[in-house]
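Here the structure is laid out as structure tokens; the discussion comes afterwards.
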Amino acid sequence: MLKKWLSYFIPINVESVKSKWSKTLEVTWANGQLVLDSRNTNYSYGSLQRILRIGLLKIGFARIKKMDHILVLGVAGGSVVKTLVNEVRFTKKITGVEIDADVITIANTYFELDKVPNLTMILDDAFEFILKTKETYDLIIIDIFQDTKMPNFLFESFFVDRILDVLNRNGVVLFNTMCLTDADNLRNSAYLELFDKNRVSVQTIPRIEAHNELIIVEKKS
């Protein structure tokens with residue numbers, strides 16, 4: 001409790017882990033709560049939880065609560081899962097896909113992600129998982145970063161088309177992106193042009209926490 005109290009004045013590091021995918025992972029007490037960070041950005045809880053919560057509110061908690069199956073690509077410490085369970089009160093199936101085994105260990109150890117009863121965690125690459133999944137989903141949350149970098153496949157037409165294939169009618173994609181440079185802004189603009197507006201509706205929530213842009217894609221019936 002002393003560390004929690006002191007964290008309102010100065011961040012208190014709890015553990016640092018070297019990761020193949022994320023380089024450095026740090027569990028820290030900050031402003032009275034445990035957060036998971038990479039070297040240059042927040043991975044779970046803290047600002048990331050606030051960002052994705054805004055997207056979920058835009059979709060609508062009541063609407064999400066009625067869904068049957070949610071897919072989270074890029075789970076990290078699991079803050080969006082905790083928002084779904086604790087705030088949305090979502091009780092049906094959540095599938096989480098995370099490529100980094102070190103992240104999963106931290107999520108279970110410090111954030112008790114393994115105690116979420118309706119969550120199934122899968123250690124896999126998101127691209128590979130989307131290629132082979134046989135299930136369909138009502139909400140797909142994409143939150144994939146390697147520190148501040150985003151893999152190129154996320155913005156390619158093949159991946160976009162496959163995401164839409166496994167999205168149910170009237171389903172929603174919530175995609176968290178980071179825009180640090182002009183090239184990132186152009187990348188997002190090009191991404192938006194990949195969608196067939198007769199098939200989906202697309203909206204953006206720009207510049208959340210300075211550098212994040214949320215993209216919400218809704219598949220039409």
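Read the figures in this text as sums done on the coordinates, not as results from a lab. Every value quoted in this text rests on a predicted model; they were computed, and no experiment measured them. Reconstructed Cβ throughout: ideal geometry from the backbone, glycine too, with neighbour counts over all protein chains shown.
Full extension from Glu128 to Asn152: what is 0.36 nm times the residue separation minus their Cα-Cα distance, to one decimal in nm?
Answer, rounded to one decimal: 7.2 nm.
Using the Karplus curve 6.51 cos²θ - 1.76 cosθ + 1.60 with θ = phi - 60°, work out ³J(HN,Hα) for each residue of the range 15-20 in order, rounded to whole Hz, and write x for Gly and Pro.
These are the phi-based 3J(HN,Hα) values: 7, 10, 10, 7, 10, 4 Hz.
Please give the FRET efficiency for Phe9 paired with Ala210, using the beta carbon to beta carbon distance and R0 = 35 Å, rounded to the nearest 0.05.
E between Phe9 and Ala210, to the nearest 0.05, is 0.90.
If contacts are Cα pairs under 8 angstrom and at least 6 residues apart, what is the relative contact order of the chain in percent?
Value for the chain: 16 percent.
Once phi is turned into θ = phi - 60°, what whole-Hz ³J(HN,Hα) does the Karplus curve with 6.51, -1.76 and 1.60 give for every residue of the range 60-66, x standing for Gly and Pro?
Coupling constants for the range 60-66: x, 4, 4, 5, 5, 4, 7 Hz.
Report ³J(HN,Hα) in whole Hz for each residue of the range 151-161, in order, from the Karplus equation J = 6.51 cos²θ - 1.76 cosθ + 1.60 where θ = phi - 60°; Gly and Pro get x.
Karplus-based 3J(HN,Hα) across the range 151-161 equals x, 4, 4, 4, 9, 9, 4, 4, 5, 4, 5 Hz.
If I build a Gaussian network model for the chain, linking alpha-carbon pairs within less than 10 angstrom, which residue out of Glu98, Glu15, Glu128 has the largest mean-square fluctuation?
Among Glu98, Glu15, Glu128, the largest GNM mean-square fluctuation belongs to Glu128.
Could you check how many percent of all C-alpha pairs in the chain are farther apart than 31 Å?
Considering the chain, 16 percent of its Cα-Cα pairs are separated by more than 31 Å.
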